[in-house]
Amino acid sequence: RWLRAAGYDTELARGGAPDAHWLRVARAEARMLLTRDRRIVEHAAAAGVTMVLPGTGLDDLAGLLREALGVDWLRAPFTRCLVDNAPLRPADAAHRARLPPDVDPARARRCERCGRLYWHGSHHARMQARLARWAASGEDAA
């Protein structure tokens, strides 16, 4: 979901499908399959489309993805729905009317697929700070 927060088109593997299914999907859609399942590399189809992630903390994983895959944590933040991955659109007048009074309605976004409304509040500020920290830690290493 943090990749979505950074603006990446990110799907989550769900539904208990076998590894071979997700490997076919990754290859067909030109995606990278990120997993902690170490056995997945036993599949010949895993080569080039799979990255096995270590069981480390989120900050370490963010650094690993930045270094190994070139993830830019400030690529296009908050442009995708965190729940269903759909691109966000500006909220229309009817949806802006539902916003808390202290929110700038011009910055509100809405997911047309699930109807969720997003705005720049304290949660957004904390997430933005984390994305910025992950991006800046890569600059320190360069």
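Values for this structure:
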{"item": "Residue in segment 69-78 that is open to solvent by 30 Å² or more (accessible area, probe 1.4 Å) and free of Cβ contacts under 8 Å to residues at least 60 places away in the same chain present", "result": "yes"}
{"item": "Considering residues of segment 8-25 that are out of contact with any helix residue (DSSP H, G or I) (no Cβ under 6 Å at 6 or more places or on another chain) and under 15 Å from LEU69 (Cα atoms) only, the residue least open to solvent (accessible area, probe 1.4 Å)", "result": "TYR8"}
{"item": "Boolean, ASP19 is within 20 Å of ALA132 (Cβ to Cβ) and out of contact with any strand residue (DSSP E or B) (no Cβ under 8 Å at 6 or more places or on another chain)", "result": "no"}
{"item": "Residues satisfying the stated conditions in segment 54-104, i.e. touching a strand residue (DSSP E or B) at 6+ places or on another chain (Cβ under 8 Å) and on the phi > 0 side of the Ramachandran plot", "result": "PHE78"}
{"item": "Residue in segment 35-44 that is assigned to a strand (DSSP E or B), within 16 Å of the chain's Cα centre (by Cα) and free of Cβ contacts under 8 Å to residues at least 24 places away in the same chain present", "result": "yes"}
{"item": "Tabulated pairs, segment 9-28, first within 9 Å of ALA45 (Cβ to Cβ) and basic (Lys, Arg), second part of a helix (DSSP H, G or I) and open to solvent by less than 90 Å² (accessible area, probe 1.4 Å), C-beta under 9 angstrom, 6+ apart or interchain", "result": "ARG24/ALA45; ARG27/ALA45"}
{"item": "Single condition ASP102 does not satisfy, out of (1) under 17 Å from the mean Cα position of the chain (by Cα); (2) open to solvent by 60 Å² or more (accessible area, probe 1.4 Å)", "result": "(1)"}
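The values are calculated or read from the model by the stated rules, or taken from the named source; none is laboratory data. As the structure is a prediction and not an experimental result, all values here were calculated from the model. Don't worry about glycine lacking a Cβ; one is built from the backbone with ideal geometry, like all the others, and counts go over all protein chains shown. Just the protein is used for accessible areas: all its heavy atoms, side chains included, with ligands, DNA and RNA removed. Shrake-Rupley method; radii C 1.70, N 1.55, O 1.52, S 1.80 Å.
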